[in-house]
Amino acid sequence: MGKRATMTDIANHAGVSQATVSLVLNEVENARVGAATRQRVLEAADALGYRKTQRLHRSPTGARVIGLLIDDVTTTPFAAQFIEGARDEAALHDCIVAVFCTRRDEALEEAALDLLAATQLQGVVYAALVTQGVTPPERLKAIPTILLNCHDGERRFPAVLPGDVAGAFAATEALLKAGHRRIAHLAGESWMEAARDRELGYRRALASWDVPVDPDLILAGGFTVTGGRDLTAQLLALPEPPTALFCFNDRMAVGACDAIRNRGLRVPDDLSVMGYDDEDLVRYLQPPLSSVVLPHDEMARWAVGALFDGAVIKAERPVRMKMDCPLALRQSIAPPRALARGDVGPSVGS
């Protein structure tokens, strides 16, 4: 079976936000969505073969329940995708999702599990908004549980995580294929697992193309717009600046584009830029930003589906699923200026 269409896919196809797609497909009353936009969303859903979940026919009080315990909903903009993906998959199994934001507070987690114990509980999805190692509550050992965007050191629970190493490899290789050899990496902070994985993918891609890693082209200092702007200014001041940037996330990439413009340069004519996360905003930049898609919706769907998969739940060694992070190539990448002019330069990979 092919990958099922998600609300993110529909949003990209229709040129609207995921929030608009959710309002239309869930038939939210009094939603301020114009008729033309509503029609465009419905046509995109139909074209992509989106499977609309059905409403439960019985009262929610008699429904089977899946608990979604998430540590935060504000650190990144992706909590909604976790919730929507989990809810849509749960509905296919005639379940509802009860969401608890616990801030990883033990008392709040215990209170949430107490409430869930009074329901027809089918299982728990224990989620983190930022990829990390966690120590889930002991009570979860007696409940079917899937870890979403996190993992436990003892590997007692199945987990689903983004394939950040492979995603960063593909992002860097896209720049190599365009002809770039001086590719800088604006790295996230070292305490972040995603930052370490994405830098590793960057390094592996360079090595696979026999391009030496230049430590001067790897700068870490944050994951914000300001951080991206400041680090890019440092790179542009080098005697031999890079011709391309691979950024830890889209926010740093937005800051990088600001710094490039502030120097009187242009993306991608003078520098190519690649982001990561594929936030809604980036496709509306000028030029639209190439990025790597974090499959939060698909990860949440897999987590809920796995609760009903006996092979996953009962496996002697819990599964650790790495979800593909596909490229979204747009207009922020071009060959280096020397190659574009036809000057002698490094060969372009296939």
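The values are calculated or read from the model by the stated rules, or taken from the named source; none is laboratory data. Being a predicted model, the structure only gives us computed values, none of them experimental. Please note: Cβ atoms are built from the backbone with ideal geometry, for glycine as well, and neighbour counts cover all protein chains shown. Areas reflect the complete protein model, heavy atoms only, side chains present, ligands, DNA and RNA absent. Shrake-Rupley method; radii C 1.70, N 1.55, O 1.52, S 1.80 Å.
Cβ-Cβ under 7 Å, sequence separation 6+ or interchain: first residue in the range 306-331 and open to solvent by 70 Å² or more (accessible area, probe 1.4 Å), partner hydroxyl-bearing (Ser, Thr, Tyr) and not in a loop (DSSP other than H, G, I, E, B). Which pairs?
What qualifies is 329/290.
Just one of 250, 214, 270 is out of contact with any Ser or Thr (no Cβ under 9 Å at 6 or more places or on another chain) and of a type in the set (Asp, Glu); which is it?
Going through 250, 214, 270 in turn, just one is out of contact with any Ser or Thr (no Cβ under 9 Å at 6 or more places or on another chain) and of a type in the set (Asp, Glu): 214.
Check whether at least one residue in the range 237-246 is free of Cβ contacts under 8 Å to residues at least 24 places away in the same chain and small (Gly, Ala, Ser), and report yes or no.
Yes, the range 237-246 has at least one match.
Checking residue 125 against (1) surrounded by 21 or more Cβ atoms within 10 Å (Cβ to Cβ); (2) of a type in the set (A, V, I, L, M, F, W, C); (3) closer than 24 Å to residue 200 by Cβ, only one condition comes out false. Which one?
Among (1) surrounded by 21 or more Cβ atoms within 10 Å (Cβ to Cβ); (2) of a type in the set (A, V, I, L, M, F, W, C); (3) closer than 24 Å to residue 200 by Cβ, residue 125 violates only (3).
With the requirement that a residue be open to solvent by 10 Å² or more (accessible area, probe 1.4 Å), β-branched (Val, Ile, Thr) and under 26 Å from residue 88 (Cβ atoms), what does the range 261-305 give you?
293, the sole residue that qualifies.
Filter the range 173-187 down to residues that are open to solvent by less than 10 Å² (accessible area, probe 1.4 Å) and assigned to a helix (DSSP H, G or I) and give me whichever is nearest to residue 236 (Cα to Cα).
Ranking the candidates gives 175 first.
Any idea which of (1) of a type in the set (A, V, I, L, M, F, W, C); (2) modelled with pLDDT of 90 or more; (3) closer than 23 Å to residue 324 by Cβ is the one residue 66 doesn't satisfy?
Among (1) of a type in the set (A, V, I, L, M, F, W, C); (2) modelled with pLDDT of 90 or more; (3) closer than 23 Å to residue 324 by Cβ, residue 66 violates only (3).
The conditions are (1) within 23 Å of residue 267 (Cα to Cα); (2) of a type outside the set (Lys, Arg); (3) surrounded by 23 or more Cβ atoms within 10 Å (Cβ to Cβ), and residue 158 fails exactly one of them. Which is it?
Evaluating residue 158 over (1) within 23 Å of residue 267 (Cα to Cα); (2) of a type outside the set (Lys, Arg); (3) surrounded by 23 or more Cβ atoms within 10 Å (Cβ to Cβ) leaves (1) as the failure.
On the basis of being under 18 Å from the mean Cα position of the chain (by Cα), at pLDDT below 85 and closer than 19 Å to residue 147 by Cβ, does residue 8 make the cut?
For residue 8, the condition - under 18 Å from the mean Cα position of the chain (by Cα), at pLDDT below 85 and closer than 19 Å to residue 147 by Cβ - is not met.
Would you be able to say whether some residue in the range 186-201 is farther than 14 Å from residue 320 by Cβ and in contact with a Leu (Cβ under 8 Å, 6 or more places away or on another chain)?
yes
Could you go through the range 143-153 and let me know if any residue there is part of a helix (DSSP H, G or I), under 21 Å from residue 76 (Cα atoms) and either open to solvent by 50 Å² or more (accessible area, probe 1.4 Å) or without any contact (Cβ under 8 Å) to a residue 40 or more places away in the chain (or both).
no
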